[in-house]
Amino acid sequence: MEEVEQFDDISIEDLAEELPENSPRYVVLSYELKHKDGRTSFPLVLINWSPSSSETGMMTLHASALLNFQNTADVSKVIEVRDGPEGLTKEVIDSKLLS
């Protein structure tokens, strides 16, 4: 595993635009989550970016390493994104984390 790039203070939509359209990636994200009761938390989230347009061999390799990466990063919440930038929005992340 290697860190390819690090972004500080980037919006979710801008992050989605930075990710490749045809190649899977893991993204570890410290996310500001506003709860319905007014609290704010910063959970560590693993985004499993695996666009459906990725090569089958790459997708298989990526999927086989997911659990190991999740354990190494010590992240409990994984959000799967398969439909490109439109599947990675603040609303999608909020709904998955607050459910």
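The values are calculated or read from the model by the stated rules, or taken from the named source; none is laboratory data. Predicted model, so just to flag it, every value in this text is computed and none were measured. Positions of Cβ are generated from backbone atoms using ideal geometry, with glycine treated the same way; all protein chains shown enter the neighbour counts. Quick note on the areas: whole protein, heavy atoms, side chains included, nothing else; ligands and nucleic acids left out. Shrake-Rupley method; radii C 1.70, N 1.55, O 1.52, S 1.80 Å.
In plain terms, the chain is cut at each of the GluC sites (Glu not before Pro) found in a DSSP loop with at most 13 other Cβ atoms within 10 Å, and the longest leftover piece is 56-99. With all protein chains in place and a 1.4 Å probe, the accessible surface of the chain carries 49 percent carbon and sulfur. Whole-Hz Karplus values for the stretch 37-51 come out as 8, x, 5, 10, 10, 10, x, 8, 10, 9, 8, 9, 7, 9, x Hz, taken residue by residue from phi with 6.51 cos²θ - 1.76 cosθ + 1.60 and θ = phi - 60°; glycine and proline positions read x.
The listed residues 34, 77, once ranked by accessible area (1.4 Å probe) with the largest placed first, stand as 34, 77. Distance between the pseudo-spin-label points of residue 58 and residue 11 (7 Å out from Cα toward the beta carbon): 2.7 nm. Counting only the Cα atoms, the chain fills a convex hull of 102 Å³ per residue.
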